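The values are calculated or read from the model by the stated rules, or taken from the named source; none is laboratory data. If you're wondering where the values come from, they're calculated on a predicted model, not measured in any experiment. With ideal geometry, Cβ positions are generated from the backbone for all residues, glycine too; neighbour counts draw on all protein chains shown.
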């Protein structure tokens, strides 16, 4: 008899904060890492296009939660799409492709953040979100936050 | 603030020299070098010729019809050998045969009006010019070279290849925005001024000065940087407007430090300052407005509606497709790359769909 989906998921190795950090700092050497209230926080800048400005972002991650990404500077336009109600970026649709603890922030969240910023600039230029969107009719997710059960300590 | 990155990208495409000129600037020099190297009457020193000017700088704006070419000759600048006057005549004699050798129709002339120290070869067929500047290069083209002065009386120091290398270094060091900014400044001059234009080299020297001074924050987008550059140049020299007489700025050569704008006519300088003042005010309004259409209209006043586009749907869609998660790559600084770069660290993006509150 094979393993259930749940049992199989339990076998996957958890990538701890130190290992996440190692990968992030290797692939994005301009970022810095700090432990803050039990969470890992990586801060750095991303420049999605050659003529773009540099965006300063903070990525927060606590094991067993979703990573959160906040743009520190510049201030994003209030109407900017694809963000949670706390202003953090919605980089994936958790119901369709949930965050797993064996995933690497360096190969998922960080590249997606750069892409989000690129599409944000296109939205500023054209008024249209030209990136892939997932707007399922899940009212719980819309306007919610990435980690609804967590005490959300905002990174900045 | 609307940074209008796509619009600025399209503007830069619209003001770059035409493709056939870029190709001519690439194809002609090796043929010219071969012709000059073969000559027995006019001795040259290996590597004989070297491109200079806006094409190798990568800062050409508009239809740049002339390509500057250095011709390395043997000599001693301190002893004024060879005599620059005779040399320039000998070079002209040599270059008289160049259009025919290349199979083109054209002619050569000593350029006294414009570059003043070069032989000007015009190719009628492609409406293209090559400006040949003889030089003594004791340490090769990469070091300080000596070119004839304006009266062809003596040899004076110059460092054109050092300047090209400096621009390359600054471009790398300051987020890849130095050359685009230089191109915008030249186009601004070309668009706003039909006569009394300051020379490209002066603009380049001003750009280098302000980049090196650290007053420009190159982490900003190109629109902000352009405003800040105009503002910085204006503030650098506005006190001179209050001084009467013939005073005009001394712009130091970025490589050798001497005053390169010694012949800047006062009235020409004043015209340039008026254009700068207009430009920085319009740019400021473009950056302050929360109305995209208004921002575009202000930038069009600065750069021309024929160059700064109103619509960028096609370019935006093209970038959006290239950036698609799962297809694109991300550099270590966050640059979105459509394909694998030759150098540097990158990460392949994984597929995703952005979720969240729908835009209004």
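Odds and ends about this structure:
- Any hit, the stretch A:39-53, residues being more than 7 Å from chain B (Cβ to nearest Cβ), in contact (Cβ under 8 Å) with a residue 12 or more places away in the chain and surrounded by fewer than 16 Cβ atoms within 10 Å (Cβ to Cβ): no
- Whenever a residue of the stretch B:166-186 is more than 14 Å from chain A (Cβ to nearest Cβ), its partners that are surrounded by fewer than 18 Cβ atoms within 10 Å (Cβ to Cβ) and assigned to a helix (DSSP H, G or I), lying with C-beta atoms within less than 8 angstrom and at least six residues away or across chains, give the pairs B:170/B:212.
- Any hit, the stretch B:301-323, residues being part of a helix (DSSP H, G or I), over 30 Å from residue A:119 (Cβ atoms), within 22 Å of the chain's Cα centre (by Cα) and more than 11 Å from chain A (Cβ to nearest Cβ): no
- Residue in the stretch B:35-49 that is in contact (Cβ under 8 Å) with a residue 60 or more places away in the chain and farther than 20 Å from residue B:159 by Cα present: yes
- Looking across the stretch B:329-341, the residues that are in a loop (DSSP other than H, G, I, E, B) and facing chain A (nearest Cβ under 9 Å) come down to B:332, B:333, B:334, B:335.
- Residue satisfying condition, being in contact (Cβ under 8 Å) with a residue 24 or more places away in the chain and surrounded by fewer than 16 Cβ atoms within 10 Å (Cβ to Cβ), within set B:256, B:287, B:276, B:230: B:256
Conditions tested, residue by residue: (1) modelled with pLDDT under 95; (2) within 11 Å of another protein chain (Cβ to nearest Cβ); (3) at positive phi.
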position: A:55; (1), (2), (3): no, yes, no
position: A:60; (1), (2), (3): no, no, no
position: A:63; (1), (2), (3): yes, no, no
position: A:66; (1), (2), (3): yes, no, no
position: A:115; (1), (2), (3): no, yes, no
position: A:133; (1), (2), (3): yes, yes, no
position: A:143; (1), (2), (3): yes, yes, yes
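- Criterion (more than 13 Å from chain A (Cβ to nearest Cβ) and more than 29 Å from the chain's Cα centre (by Cα)) met by exactly one of B:279, B:257, B:245, B:326: B:245
- One residue from B:282, B:262 being in the same structural domain as residue B:252 (by TED's automatic domain parsing), within 30 Å of residue B:247 (Cβ to Cβ), touching a helix residue (DSSP H, G or I) at 6+ places or on another chain (Cβ under 6 Å) and surrounded by fewer than 21 Cβ atoms within 10 Å (Cβ to Cβ): B:282
- Pairing each residue of the stretch B:125-148 that is without any contact (Cβ under 8 Å) to a residue 24 or more places away in the chain with any residue that is surrounded by 19 or more Cβ atoms within 10 Å (Cβ to Cβ), provided the two are 6+ apart or on different chains, yields C-beta distances under 7 Å for B:142/B:161; B:143/B:137.
- Candidates B:107, B:101: the one that is surrounded by fewer than 19 Cβ atoms within 10 Å (Cβ to Cβ), outside the structural domain of residue B:182 (by TED's automatic domain parsing) and in contact with a helix residue (DSSP H, G or I) (Cβ under 6 Å, 6 or more places away or on another chain) is B:101.
- Some residue of the stretch B:261-283 being at pLDDT 95 or above, part of a helix (DSSP H, G or I) and over 24 Å from residue B:190 (Cα atoms): no
- Matching residues in the stretch B:342-360 - criterion: being in contact with a strand residue (DSSP E or B) (Cβ under 7 Å, 6 or more places away or on another chain) and more than 8 Å from chain A (Cβ to nearest Cβ): B:344, B:346
- Looking across the stretch A:68-91, the residues that are surrounded by fewer than 24 Cβ atoms within 10 Å (Cβ to Cβ), under 14 Å from the mean Cα position of the chain (by Cα), free of Cβ contacts under 8 Å to residues at least 60 places away in the same chain and not in a strand (DSSP E or B) come down to A:82, A:87.
- Counting residues in the stretch B:183-192 that are more than 27 Å from residue A:74 (Cα to Cα) and either at pLDDT below 95 or surrounded by fewer than 20 Cβ atoms within 10 Å (Cβ to Cβ) (or both) gives one or more.
- Meets criteria (at pLDDT below 95 and in contact with a helix residue (DSSP H, G or I) (Cβ under 6 Å, 6 or more places away or on another chain)) for residue B:152: yes
- Residues in the stretch B:301-315 that are under 22 Å from residue A:128 (Cα atoms) and surrounded by fewer than 20 Cβ atoms within 10 Å (Cβ to Cβ): B:310, B:311, B:313, B:314, B:315.
- Qualifying residue in the stretch A:5-13 (condition: in a loop (DSSP other than H, G, I, E, B) and within 26 Å of residue B:337 (Cβ to Cβ)): no
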